[in-house]
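Down below is the structure, laid out as C-alpha cells.
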Amino acid sequence: MKTAKILAIITTSLAIVVIAAFFIIGFFKPKPGGLIIDTVPISNIYINGNFVGKTPYKGTSVAGQVNLKLVPDENNQNLIAYETKINLQSGIQTVVRREFGSSEETSSGDVISFDKISGKLPGVVVVSSPDNAQVFIDGRSQGYSPFNTGSISAGPHKVTVKADGYTERTMDIKTQSGYRLTIYVKLSKSQETQNTISAEEEKTTTKSFIVVKDTPTGFLRMRTEPGTKGEEIAELKPGSKYLFLEADVDSGWYKIQYKDPVPGLPEGIVGWVSNEFADISTESASLNN
C-alpha cells in the first residue's frame with residue numbers, strides 16, 4: 001500500500017515537472033515573425049529558397065533575416081523577379097508589396113517593418129529609391145529621404161513619396177508606441193520619362209552585331225566556348241544577326257547574345273561563333289531570337 005502511494009506521488013511529480021517544462025519552453029520560445037505579401041500580378045513566393053505559396057500571402061516564419069524571392073507566374077515571363085533580404089521581428093508583421101515591371105526601372109513597391117525602440121513615442125523612417133525623394137505624411141511635406149522622425153502620434157497615417165520623373169507612391173501605415181516603423185520605397189519611372197528615354201536611346205544608341213555568312217554546311221555552329229572543342233548549343237542560319245558582345249583574343253572567335261535575358265535566366269543564352277564565317281556590323285537591327 002505504501003509502495004503504491006510512493007509510486008503515485010512520483011508519477012504525479014514527474015507529470016507536473018513535464019507539464020511545467022513544456023510551459024516554460026513554450027513561454028520562452030521566440031514567436032515567429034509575421035509576413036504579408038501582395039503583388040501585381042500574382043507571383044510565386046520563395047523564402048530561403050523554399051516555395052511557400054502564391055500571393056496574396058499571409059504567414060509566419062522563424063524570426064531573423066530571411067531571403068525573399070518573388071517570381072511572376074508563368075503567364076508573365078516578360079516581368080522581372082524581385083529578390084531581397086528582410087529581417088523578420090518576433091511577433092511582428094512585415095509587409096511586402098511589389099508591382100512588377102519589365103525592368104527594375106519600371107518596377108515599384110515597398111517593404112514596411114517594425115523594430116522595438118527605447119521610449120514610448122513611435123518613430124518613422126523612410127528610405128527610398130531613388131534617394132532624395134520628397135516625403136509627405138498626412139498630406140504635409142516633411143522633408144526628403146532618407147527621412148527619420150520621432151515626433152509622430154501613434155495610430156493611422158498616410159505616407160506619400162514623390163520624385164521628379166517617377167510615379168509617386170502612397171502607403172497607409174499604423175504607428176505603435178515604442179516601435180519604429182521603417183518604410184523602404186521603390187518608385188518606378190513615370191511613363192513620360194520612360195518614353196523620353198526610349199526616344200533618346202533610339203536616336204543615339206548604336207550597337208554592334210555579327211552577321212552570319214554562308215558556310216559549307218549551310219549553318220554556323222554556336223559553341224559554349226571559343227574554338228571547336230566547345231560544346232555545340234545552336235545552329236545559326238546565314239544572314240541572321242545577333243548582338244556582338246566580345247572577341248576572344250587568342251582565337252578571334254566572337255561571343256554573341258543568342259537569347260535575351262528573361263526571369264529565371266538573367267544572362268539569357270550566349271555563345272561563341274567562328275570569326276571566319278561571321279562579319280561585324282554597327283547598325284540598328286532587330287535580333288533573331
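The values are calculated or read from the model by the stated rules, or taken from the named source; none is laboratory data. Bear in mind that the values here come from a model prediction, so they are computed numbers and not experimental data. Neighbour counts are summed over all protein chains in view; Cβ atoms, including those assigned to glycine, are modelled from backbone coordinates with ideal geometry.
Against the conditions (1) of a type in the set (D, E, K, R); (2) at pLDDT below 90; (3) at positive phi, where does Lys203 fall short? Just the number, please.
So the condition that Lys203 fails would be (3).
Keeping to region 108-122, report how many residues are touching a Ser or Thr at 6+ places or on another chain (Cβ under 6 Å) and closer than 24 Å to Pro266 by Cα.
Qualifying residue count for the region: 1.
Which residue is surrounded by the most Cβ atoms within 10 Å (Cβ to Cβ), if the candidates are limited to region 51-91 and must be among the β-branched types (Val, Ile, Thr) and more than 20 Å from Val185 (Cβ to Cβ)?
Val71
Among the numbered criteria (1) among the β-branched types (Val, Ile, Thr); (2) modelled with pLDDT of 85 or more; (3) not in a strand (DSSP E or B), which single criterion is violated by Thr39?
(3)
What's the total number of residues in region 163-190 that are over 11 Å from Pro130 (Cβ atoms) and part of a strand (DSSP E or B)?
13
Looking only at region 225-232, decide whether some residue is surrounded by fewer than 16 Cβ atoms within 10 Å (Cβ to Cβ), in a strand (DSSP E or B) and at pLDDT 90 or above.
Yes.
Among all residue pairs at least 6 apart or on different chains, which show Cβ distances below 7 Å where the first residue, located in region 154-170, is in contact (Cβ under 8 Å) with a residue 60 or more places away in the chain and the second is outside any strand (DSSP E or B)?
So the pair list comes out as Arg169/Leu187.
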